[in-house]
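Chemist: Please see the structure below; I have some questions.
The values are calculated or read from the model by the stated rules, or taken from the named source; none is laboratory data. In this text, all values refer to a predicted model and were calculated from it rather than measured experimentally. Don't worry about glycine lacking a Cβ; one is built from the backbone with ideal geometry, like all the others, and counts go over all protein chains shown. Each accessible area value is taken on the protein alone, full model and side chains, heavy atoms only, with ligands, DNA and RNA left out. Shrake-Rupley method; radii C 1.70, N 1.55, O 1.52, S 1.80 Å.
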Amino acid sequence: MADILYINGRYTTTDEKVIGVEDRGFQFGDGVYEVVKFLGRRLLFMPVHFSRMQSGLEELEIESPWDEATFEKMCRELIDRSEMSDGILYVQVTRGESERALFYPENLAPTALAYTRRFTFPGSAQKERGVKVITMPDNRWRHCNIKSLNLLANALARKKAQRAGAYEVLLINTDMDVREGASSSFFAVRDGRLVTHPTGTAILPGIVRNEVISLALGEKIRVDERPVHEHELYSIDEAFITSTTQGVMPVTEIDGRMVGNGRRGEITRHLQKLFDDLESSL
Ligand code: PDD
């Protein structure tokens, strides 16, 4: 069965071709997106996905097609029309369609779309085994807090990682600080404390990142929001990445060197369990 698609106020399936060639999302990556997970037909962390999308739209001066209630209603309708009980919703808003030019007319009607997508979330064996990552320079623009459709730098870096047999790539800035993954937030564990890049314009404020920080603080685990220097990567005890699709995923090897003893760390395991329990309880 094709995925259920919402496009500008109506419902269809992804079999229908709905985007014009002059859509600025297609031409320029001029828009934002969200990836929302649903489990047992329950949409997770909806209010925070909505408010992150709204902030991105505000920064790009694109008028939002939804308020929180109409957004939730649209997402709910997609799930109700779909046969899937677990999966993801991909949501995208672009500035809209107009004759190709860098400058754009004021008050274009945005293009709003969302669709359901089957997704195989990592199973327990993968979550215990963890993943290998490599590092690469961060070639993205300076507004990484916006979940922009422009993912070219992320896509190129991820492809190199895939060719190198790695699962994710950690993006490093010119000061040799670790920012985040191409599609995940990054955490190191050092001397019993979590270390992760502070929010700001250099990283996406990951929803799982913020939940994990709250869970850690609730367990009296200290959290230092400061960048991890590339050199530190060789002396940390544990590491993990977080994202909507991966949850809390241990990192056991970075650039061919083992993290700690090369196995999922105890604090990582603990936070992974707390986060999985939280998702199941929502
Ligand atoms: N990516 N950093 C980047 C650059 C991301 O693209 C993502 C998410 C994250 C984690 O954010 P969250 O916890 O809100 O999922 C961090 C999504 C899942 C994607 O592009 O598919």
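Chemist: Where the second residue is open to solvent by 30 Å² or more (accessible area, probe 1.4 Å) and small (Gly, Ala, Ser) and the first is at positive phi and lies in the range 81-110, which pairs have Cβ atoms under 8 Å and are six or more apart or on separate chains?
Modeler: These pairs meet every condition: 96/109.
Chemist: Give the residue, chosen from 225, 232, that is charged (D, E, K, R) and either within 22 Å of residue 278 (Cβ to Cβ) or within 15 Å of the chain's Cα centre (by Cα) (or both).
Modeler: 225
Chemist: Among 207, 221, which is out of contact with any Phe, Trp or Tyr (no Cβ under 6 Å at 6 or more places or on another chain), at negative phi and either within 9 Å of the ligand (Cβ to nearest atom) or modelled with pLDDT of 95 or more (or both)?
Modeler: The conditions single out 221.
Chemist: Output the number of the condition that residue 174 fails; it satisfies all remaining conditions of (1) loosely packed, with under 14 Cβ neighbours inside 10 Å; (2) among the polar types (S, T, N, Q); (3) within 10 Å of the ligand (Cβ to nearest atom).
Modeler: Tallying (1) loosely packed, with under 14 Cβ neighbours inside 10 Å; (2) among the polar types (S, T, N, Q); (3) within 10 Å of the ligand (Cβ to nearest atom), residue 174 fails exactly one: (3).
Chemist: For the condition in contact with a helix residue (DSSP H, G or I) (Cβ under 7 Å, 6 or more places away or on another chain) and among the aliphatic types (A, V, I, L, M), what is the one hit in 213, 172?
Modeler: The match here is 172.
Chemist: Also, I was wondering about something else. Quick one: which strands (runs of 3 or more DSSP E) lie wholly within the range 1-87 and hold at least 1 residues that are surrounded by 15 or more Cβ atoms within 10 Å (Cβ to Cβ) and touching a His at 6+ places or on another chain (Cβ under 8 Å)?
Modeler: 31-39
Chemist: Kindly check whether there is at least one residue in the range 214-228 that is in contact with a Leu (Cβ under 6 Å, 6 or more places away or on another chain) and small (Gly, Ala, Ser).
Modeler: yes
Chemist: Let me ask something else about it. Which condition number in (1) open to solvent by 40 Å² or more (accessible area, probe 1.4 Å); (2) in a strand (DSSP E or B) is the one that residue 239 fails?
Modeler: (1)
Chemist: Just to check your reading of the model, which residue among 228, 208 is buried (at least 21 other Cβ atoms within 10 Å of the Cβ), in contact (Cβ under 8 Å) with a residue 12 or more places away in the chain and under 22 Å from residue 261 (Cα atoms)?
Modeler: 228 is the lone residue from the list that is buried (at least 21 other Cβ atoms within 10 Å of the Cβ), in contact (Cβ under 8 Å) with a residue 12 or more places away in the chain and under 22 Å from residue 261 (Cα atoms).
Chemist: Could you count how many residues in the range 233-250 are away from the ligand (no atom under 14 Å from the Cβ) and either hydrophobic (A, V, I, L, M, F, W, C) or farther than 22 Å from residue 218 by Cα (or both)?
Modeler: The total comes to 5.
Chemist: Among the residues of the range 251-271, count how many are touching a helix residue (DSSP H, G or I) at 6+ places or on another chain (Cβ under 6 Å) and either within 16 Å of the ligand (Cβ to nearest atom) or part of a loop (DSSP other than H, G, I, E, B) (or both).
Modeler: Qualifying residue count, the range 251-271: 2.
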